[in-house]
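Contents: one structure, followed by commentary.
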Ligand SMILES: [Zn+2]
């Protein structure tokens, strides 16, 4: 394993981030038959923007349209890449600022399963309660049905509580990352054993 903070470990970290992003983008598909809730979301957003004397720009509309035609949560980089693939270049800051704006308007929800980790976003209007299966190493994410759990937890909520977002995470390791981690542990153990052996050798008195 490369020591923390070394160039090698930074490169590994970057590789891992890129790998995670590729995985998210691989799973993101624009589907024409989705888009449920888009009309309502557009109305809410328009009202929100009007109150703040802001405009509904074509870019803003397209970003919202894209979000409502995706079938999985995404991070800002994945959405940025996707928007640029389907439209003229939009800068990352524009995509991010709009995501924050949409979150504040309530048409997009945001969650961050790991402290200081990636922020994920997804559409928020007319969405059934659901959960996520997230790999803590590569960040790959899968939506899971939580009908029974949602009902049980819903029954525990205060009757006057206005629920806006429901989140259940199952954190763990995907198959690839589980195998990688096991391999790394084995290699670490081997290295430790080798160090111990060589220490023993150098400590033992030399035979004449
Ligand atoms: Zn993984």
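The values are calculated or read from the model by the stated rules, or taken from the named source; none is laboratory data. Quick caveat: nothing in here was measured; it's all calculated off a predicted structure. All Cβ positions, glycine included, derive from the backbone under ideal geometry; neighbour counts span all protein chains shown.
Restricting attention to the range 170-177, does a residue exist that is modelled with pLDDT under 90 and either touching a helix residue (DSSP H, G or I) at 6+ places or on another chain (Cβ under 7 Å) or in a loop (DSSP other than H, G, I, E, B) (or both)? No, because not a single residue in the range 170-177 is modelled with pLDDT under 90 and either touching a helix residue (DSSP H, G or I) at 6+ places or on another chain (Cβ under 7 Å) or in a loop (DSSP other than H, G, I, E, B) (or both).
Of these, 130, 162, 86, which one is within 25 Å of residue 52 (Cα to Cα) and modelled with pLDDT under 90? After ruling out the rest, the residue left standing is 162. Being more than 16 Å from the ligand (Cβ to nearest atom), under 24 Å from the mean Cα position of the chain (by Cα), without any contact (Cβ under 8 Å) to a residue 24 or more places away in the chain and outside the structural domain of residue 66 (by TED's automatic domain parsing) holds for only one residue in 145, 155, and it is 145.
Looking only at residues in the range 120-136 that are surrounded by 17 or more Cβ atoms within 10 Å (Cβ to Cβ) and under 14 Å from the mean Cα position of the chain (by Cα), which one is nearest to the ligand (Cβ to nearest atom)? Among residues in the range 120-136 that are surrounded by 17 or more Cβ atoms within 10 Å (Cβ to Cβ) and under 14 Å from the mean Cα position of the chain (by Cα), the one nearest to the ligand (Cβ to nearest atom) is 135. For the residues 124, 116, 97, the requirement of being free of Cβ contacts under 8 Å to residues at least 12 places away in the same chain and farther than 17 Å from residue 62 by Cβ singles out 116.
Residues checked against (1) under 17 Å from residue 142 (Cα atoms); (2) within 14 Å of the ligand (Cβ to nearest atom); (3) touching a strand residue (DSSP E or B) at 6+ places or on another chain (Cβ under 9 Å):
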residue: 162; (1), (2), (3): no, no, no
residue: 166; (1), (2), (3): yes, no, yes
residue: 172; (1), (2), (3): yes, yes, yes
residue: 177; (1), (2), (3): yes, yes, yes
residue: 180; (1), (2), (3): no, yes, no
residue: 187; (1), (2), (3): no, no, no
residue: 192; (1), (2), (3): no, no, no
residue: 197; (1), (2), (3): no, no, no
